Amino acid sequence: MNYKAYTLRNYREIKQLNQVPEEKLKALEIVSRVLPFKTNNYIVNELINWNDPFNDPLFKLTFPQKDMLSEYHFDTINELILKNAGEYLINHKINEIRQQLNPHPAGQLEYNMPEFEGQTLNGIQHKYNETMLFFPSHGQTCHAYCTFCFRWPQFTGISDLKLAMKDTNLMVRYLKANKEITDILFTGGDPMIMSAKLLERYINPLLNEDIPNLQTIRIGSKSLTFWPYRYLTDPDSDDVLRLFEKIVKSGKHLAFMAHFNHFGELNTEACVKAIKRIKNTGAEIRSQAPILNHINANPNIWIKLWKKQVNLGIIPYYMFIPRNTGSQEYFNVPLVKAYDIFSKAYSNVSGIARTVRGPSMSTNPGKILILGCPEINGEKVIALSFIQGRDADWVLKPFFAKYNENAKWIDELKPAFQEEEDFFYVNEFYDLIE
Ligand SMILES: *Cc1c(COP(=O)(O)O)cnc(C)c1O
Ligand code: SF4
């Protein structure tokens, strides 16, 4: 199967769109001026239900919709276009709007790039002791773009927003100097956008050098949904699988961290085959996804998703709260509702699928899990705890926020029981990031 991308430039070639009202397409064009839009022939021809695209979660996965921008932002751009304001002015406005959409949630740029050998490493994030994120320069795009993507600034061409690195010697030296690191997580974008040759260029040094502390190589990828042919018919599919085998043979654990939002992504023959081929290399596939309004905000969807995953040999790993960025108003569900959906789904699957953790917020201080909404001494609260912290001592200490049915992120929560004070970690957190 030959890969064919569709963007704003050529998407009208998608013949299935002939049935879609022109007004919807115009809206799509306006939204995708601000947030990146890319889809492809696999998604269009094999994933989307074209009988009712505007109610199809897999359509909403990559096709921008009017409500993904605020009415105010949408109207602003629309009016400029109608007035023929000119590209310069329109682009200026677009960039202004992008800056208002919180392009760097959770202090990604400011706080997580390590200083090493006298330089700032802008392709590494080392926030939690054991796991280092690595952003290979060649893996900073995806086969398609999720409409809810929290890395959207990378794809919009605002060049100073890019995180990336290609110096593998530096990567190896950093790993050797930081012996607490057991895991490297290749992330992007999608590292599996890279050719086998490029992947080897990044991975071979990890296998050839003696780095005993490094035990697990993780690859975060949405390729099983966006381009499963990566493992089936691409010219270097077999080379990729041989590389996976080589990692496993070297004694490192290879964890393929797959991103699935909906069970519909697991239904195609291509996806099922690709999963089998990856698992046959000795890699494990774990799965993670955000909980999203309009796509999967329903326990039955998660039950089906996790059951199907277990059936295919995939290990459910994380349910995330989407970050407060981009089109969050459209996608984010309140924390209390996310917990309700998670607990209903979790309590209806076998223990084998309860490897999943969540719902979890990736905040600047750490990954915070919502544990539930108990009533304590007559006060209804939200119980929380860290599963990863900037300071490992914070992990698994329950703490409590005032009950808030509408809060969608930690910054909307206030500590329960005491009137003035902050959550227990806040002072230490400010000390740490100073
Ligand atoms: C989630 C995350 C990790 C990995 O955490 P695990 O709990 O080990 O999966 C590492 N670094 C950052 C910055 C993260 O957000
Ligand atoms: S796969 Fe990940 S990085 Fe790529 S568009 Fe989707 S959310 Fe963003």
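The values are calculated or read from the model by the stated rules, or taken from the named source; none is laboratory data. All figures in this text were calculated on a predicted structure; none of them were measured in a lab. Every residue, glycine as well, gets a Cβ built from its backbone with ideal geometry; the counts of neighbours run over all protein chains shown. The protein model used for the area step is the full one, side chains on, heavy atoms only, and it has no ligands, DNA or RNA in it. Shrake-Rupley method; radii C 1.70, N 1.55, O 1.52, S 1.80 Å.
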With criteria (1) within 22 Å of the chain's Cα centre (by Cα); (2) within 30 Å of Q125 (Cβ to Cβ), D340 comes up short on (2)
Inside region 388-403, the number of residues satisfying the requirement of being under 24 Å from L305 (Cβ atoms) and surrounded by fewer than 16 Cβ atoms within 10 Å (Cβ to Cβ) is 0
Checked region 397-412 for anything free of Cβ contacts under 8 Å to residues at least 40 places away in the same chain and touching a helix residue (DSSP H, G or I) at 6+ places or on another chain (Cβ under 9 Å); matches are A401, E412
When region 377-390 is checked residue by residue, the ones that are without any contact (Cβ under 8 Å) to a residue 40 or more places away in the chain and part of a strand (DSSP E or B) are E379, K380, V381, A383, L384, S385, F386, I387
Screening N293, N267, N280, N311 for residues that are polar (S, T, N, Q) and within 23 Å of M361 (Cα to Cα) leaves only N293
A careful count of residues in region 36-55 that are under 21 Å from the mean Cα position of the chain (by Cα), open to solvent by 10 Å² or more (accessible area, probe 1.4 Å) and in contact (Cβ under 8 Å) with a residue 60 or more places away in the chain gives 4
Only one of (1) aliphatic (A, V, I, L, M); (2) more than 16 Å from ligand 1 (Cβ to nearest atom); (3) open to solvent by less than 30 Å² (accessible area, probe 1.4 Å) does not apply to A289, and that is (2)
Taking the criterion of being over 28 Å from the mean Cα position of the chain (by Cα), among the charged types (D, E, K, R) and in a strand (DSSP E or B), would at least one residue in region 391-408 satisfy it? yes
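Here's the yes/no breakdown for (1) farther than 19 Å from L312 by Cβ; (2) hydroxyl-bearing (S, T, Y):
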site: M192; (1), (2): no, no
site: S195; (1), (2): yes, yes
site: L199; (1), (2): yes, no
site: N208; (1), (2): yes, no
site: K249; (1), (2): yes, no
Within region 160-195, restricting to residues that are surrounded by fewer than 19 Cβ atoms within 10 Å (Cβ to Cβ) and of a type in the set (G, A, S), the one that is farthest from ligand 1 (Cβ to nearest atom) is S195
Inspect region 317-336 for any residue being modelled with pLDDT of 95 or more, of a type in the set (K, R) and either away from ligand 1 (no atom under 16 Å from the Cβ) or open to solvent by 10 Å² or more (accessible area, probe 1.4 Å) (or both) and give the result as yes or no.
no
With the structure loaded, tell me whether P290 is more than 16 Å from ligand 2 (Cβ to nearest atom) and touching a residue at least 40 places away in the same chain (Cβ under 8 Å) or whether it fails that test.
no
Considering only helices (runs of 4 or more DSSP H) wholly within region 69-124, the ones with at least 1 residues that are of a type in the set (V, I, T) and either at pLDDT 90 or above or open to solvent by 20 Å² or more (accessible area, probe 1.4 Å) (or both) are 71-82, 87-100
The lone condition W152 fails out of (1) open to solvent by 10 Å² or more (accessible area, probe 1.4 Å); (2) within 13 Å of ligand 2 (Cβ to nearest atom); (3) not β-branched (V, I, T) is (1)
Y229 passes all but one of the listed conditions (1) exposed (fewer than 15 other Cβ atoms within 10 Å of the Cβ); (2) in contact with a Ser or Thr (Cβ under 8 Å, 6 or more places away or on another chain); (3) under 30 Å from N267 (Cβ atoms); the exception is number (1)
Here the residues within region 237-247 that are surrounded by 16 or more Cβ atoms within 10 Å (Cβ to Cβ) and under 26 Å from the mean Cα position of the chain (by Cα) are S237, V240, L241, L243, F244, I247
- prompt: On the given criteria, is Q16 among the polar types (S, T, N, Q), assigned to a helix (DSSP H, G or I), under 23 Å from the mean Cα position of the chain (by Cα) and exposed (fewer than 14 other Cβ atoms within 10 Å of the Cβ)?
  reply: no
